[in-house]
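**Student:** Have a look at this one before I ask anything.
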Amino acid sequence: AISRNLWTQHLSSVENLDYLLQKNKPVSTFIILKEYYRTKRVLGNRDAEQTASLPELSDEQIIMGQEMMRHSTTACLLSQPTLLPIIISIMIRSFVKFGISASSCDGFACFGLVLCGFFRDLNKGREMAKAVELIFAKRDWKLIKPRTVFICETFVLHWTAPLQASFVPLLEGYRMGLYTGDIDSAGWCLVTRCHHLFYSARALEGLQKEIDTCIDILSQLNLEAHRLCVLPYLMTVKRLRGVCTKDSCMDFEDMLKIASATNNLSNRGHAIFAQLELLVVFNEWESASKLLAEAGNLRLSIPGHFVGVRFTVLEALISFKMAQTSALFARTKWKRRGLKAFKLLRSWAKKGNVNVVHSLHLLYAELAVLKGEGKRVEESFKTAVMVAATSGLMQDKALAHDLAHEFYTAQGDKYWADYSYEKSQEAYSDWGANAKVDEKIVTS
């Protein structure tokens, strides 16, 4: 009887917030747009300060409904990301209509995710993250903070700030999660920190130790879904270092099977992302193109995540490389896909995304190769190397030298081909990618 009464209260709370129970299937673009513009109209022109100053909610039943929706956002992120904008839109409208509670911090952070990941409104997304920060400054809602740190650092702030800026907040989010008992959010903070360390070009030996430690912690905390989001990167690091044996490493296919069995789109996305990184480093363009064709638009698997940004870089690069060697029809198809991804990256850079600038120069070079603009190719490769080196991104500096070596070799320019080869070997060695260094020695 008590259980039935609680369940009735839950349903009543949800109904008060105009929440409709959704089926686990992709939501149409029309519905997403309709809910978004409806929410945008309700929010009006409120800035971060005005948003944070909304009255505090006292109705326990409405608070319960907001809390229920907050818990459903994690399931959406993992299994059905297109449902997320619908749930978040309803939450935001409830905050404006009824007032804010502790769940509002999560809701506004997630709305920042929706703004950045779905609608590419980076400035407004950052404004939502700022509103969350102001809410915490005014109210003592510590229990929700670890999860909010995870959402802001994983899906919002990287769009306009260097990845390296997230290392300390994510570690603090992990510690707060352990302290407050929010083990799930603590685990997600660790997962994102591993991803950002990987893409910030940490030396591979030290990075492997960091990821190994993270996986051990996640195993002790019994966070299997979290662990599966990190495993693909550990395997990639080991293969790059040349220390991955069949007995010590799970296969990518095994990871994809687990993701499929659990209907976890996020785990599937990470397994494919890591595999693409490996194929690009080893210049296996045919295999990379097949995987890219099978993968589809993986940005929808983890909307707003930096991994989706990196996927766009790889998508453009692989497409341009395939267009350079394909026959007419396939060349047109690959060039079109590459240009679409390239224009998307360029639009993000114009809006303030500092994490894609060096990649854009590399893509300018490969696009110039495709167009036969030799002088533009050389200038773009040099700029890509310089910007990556200035940013401390060893793997992208090495990749730029490696692709420049391919270009100069094809041009018959032995001096610059040898120079680029030596520099790529040096950069890959500094990064710790011994398997790549050894492969190039054997090939040469």
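**Student:** Just one of the numbered conditions (1) out of contact with any Ser or Thr (no Cβ under 6 Å at 6 or more places or on another chain); (2) at pLDDT 90 or above; (3) within 30 Å of residue 270 (Cα to Cα) is not true of residue 74; which one?
**Tutor:** Here residue 74 clears every test but (2).
**Student:** May I pose another question? Report the residue count in the stretch 1-54 for those that are modelled with pLDDT under 90, among the acidic types (Asp, Glu) and open to solvent by less than 90 Å² (accessible area, probe 1.4 Å).
**Tutor:** Going through the stretch 1-54 one residue at a time, the tally reaches 1.
**Student:** Return the pair list, or none, for Cβ contacts closer than 8 Å from residues in the stretch 361-390 that are basic (Lys, Arg) to residues that are part of a helix (DSSP H, G or I) and buried (at least 23 other Cβ atoms within 10 Å of the Cβ), at least 6 apart or on different chains.
**Tutor:** Between residues of the stretch 361-390 that are basic (Lys, Arg) and residues that are part of a helix (DSSP H, G or I) and buried (at least 23 other Cβ atoms within 10 Å of the Cβ), the close pairs are 376/365.
**Student:** Which condition breaks for residue 242 when tested against (1) on the phi > 0 side of the Ramachandran plot; (2) within 20 Å of the chain's Cα centre (by Cα); (3) not hydroxyl-bearing (Ser, Thr, Tyr)?
**Tutor:** Condition (2) is where residue 242 drops out.
**Student:** Can I ask one more? Tell me which of these residue 123 doesn't satisfy, since it passes every other one: (1) of a type in the set (S, T, N, Q); (2) modelled with pLDDT of 95 or more; (3) more than 16 Å from the chain's Cα centre (by Cα).
**Tutor:** Looking at each condition in turn, residue 123 falls short on (2).
**Student:** Within the stretch 91-111, how many residues turn out to be open to solvent by less than 10 Å² (accessible area, probe 1.4 Å) and within 15 Å of residue 32 (Cα to Cα)? Lay out the reasoning, then the answer.
**Tutor:** Taking the stretch 91-111 first, the residues open to solvent by less than 10 Å² (accessible area, probe 1.4 Å) are 91-92, 94-95, 99-101, 103-111.
Within this subset, residues satisfying the condition of being within 15 Å of residue 32 (Cα to Cα) are 91-92, 110-111.
So the answer is 4.
**Student:** Also: In contact with a Phe, Trp or Tyr (Cβ under 8 Å, 6 or more places away or on another chain) and either crowded, with 16+ Cβ neighbours inside 10 Å or within 22 Å of residue 85 (Cβ to Cβ) (or both): is that true of residue 295 in this structure?
**Tutor:** When the stated conditions are applied, residue 295 does not pass them.
**Student:** Also, I was wondering about something else. I want to confirm something. Restricting to the stretch 410-436 and keeping residues that are without any contact (Cβ under 8 Å) to a residue 60 or more places away in the chain and open to solvent by less than 20 Å² (accessible area, probe 1.4 Å), which single residue is farthest from the chain's Cα centre (by Cα)?
**Tutor:** So in the stretch 410-436, the residues without any contact (Cβ under 8 Å) to a residue 60 or more places away in the chain come out as 410-429.
When the remaining residues are screened for being open to solvent by less than 20 Å² (accessible area, probe 1.4 Å), the result is 417, 420, 424, 427-428.
Values: 417: 34, 420: 31, 424: 27, 427: 25, 428: 24 Å.
Filtering the stretch 410-436 for residues that are without any contact (Cβ under 8 Å) to a residue 60 or more places away in the chain and open to solvent by less than 20 Å² (accessible area, probe 1.4 Å), the one farthest from the chain's Cα centre (by Cα) comes out as 417.
**Student:** Scan the stretch 315-353 for residues that are touching a residue at least 40 places away in the same chain (Cβ under 8 Å) and buried (at least 16 other Cβ atoms within 10 Å of the Cβ) and jot them down. Let's see the steps before the verdict.
**Tutor:** Keep residues of the stretch 315-353 that are touching a residue at least 40 places away in the same chain (Cβ under 8 Å), which gives 316-318, 320-321, 323-325, 334, 347-348, 351-353.
Within the stretch 315-353, 316, 317, 318, 320, 321, 323, 324, 334, 348, 353 qualify.
**Student:** Among the listed residues 218, 228, which satisfies the condition of being open to solvent by less than 70 Å² (accessible area, probe 1.4 Å) and at pLDDT below 95?
**Tutor:** Values: 218 fails: at pLDDT below 95.
None of the other options fit; the residue is 228.
**Student:** Ok, one more. Residues 174, 179, 199: which one is open to solvent by 10 Å² or more (accessible area, probe 1.4 Å), at negative phi and without any contact (Cβ under 8 Å) to a residue 12 or more places away in the chain? Even if it seems obvious, please write down each step before you answer.
**Tutor:** Values: 174 fails: without any contact (Cβ under 8 Å) to a residue 12 or more places away in the chain; 199 fails: without any contact (Cβ under 8 Å) to a residue 12 or more places away in the chain.
Only one candidate qualifies: 179.
**Student:** Inside the stretch 55-71, can you point out the residues that are open to solvent by 30 Å² or more (accessible area, probe 1.4 Å) and not β-branched (Val, Ile, Thr)? Steps first, answer last, please.
**Tutor:** Step one: of the stretch 55-71, the residues open to solvent by 30 Å² or more (accessible area, probe 1.4 Å) are 55-56, 58-61, 63-64, 67-68, 71.
Residues satisfying the conditions are 55, 56, 58, 59, 60, 61, 64, 67, 68, 71.
**Student:** For the condition of a type in the set (Gly, Ala, Ser), buried (at least 22 other Cβ atoms within 10 Å of the Cβ) and modelled with pLDDT under 95, what is the one hit in 400, 365, 388?
**Tutor:** On the way: 400 fails: modelled with pLDDT under 95; 365 fails: modelled with pLDDT under 95.
One residue alone meets the criteria, 388.
**Student:** I'm trying to understand the selection: among the residues of the stretch 138-160, which are hydrophobic (A, V, I, L, M, F, W, C), open to solvent by 20 Å² or more (accessible area, probe 1.4 Å) and in contact (Cβ under 8 Å) with a residue 40 or more places away in the chain?
**Tutor:** First, pick out the residues of the stretch 138-160 that are hydrophobic (A, V, I, L, M, F, W, C): 141, 143-144, 149-152, 155-157, 159.
Of the ones still in play, those that are also open to solvent by 20 Å² or more (accessible area, probe 1.4 Å) are 141, 143, 149, 157.
Within the stretch 138-160, 143, 149 qualify.
The values are calculated or read from the model by the stated rules, or taken from the named source; none is laboratory data. These figures come from a predicted structure and were not determined experimentally. As a convention, Cβ positions derive from the backbone with ideal geometry for all residues, glycine included, and neighbour counts pool all protein chains shown. Please note that ligands, DNA and RNA were not included when accessible areas were found on the heavy atoms of the full protein model with its side chains. Shrake-Rupley method; radii C 1.70, N 1.55, O 1.52, S 1.80 Å.
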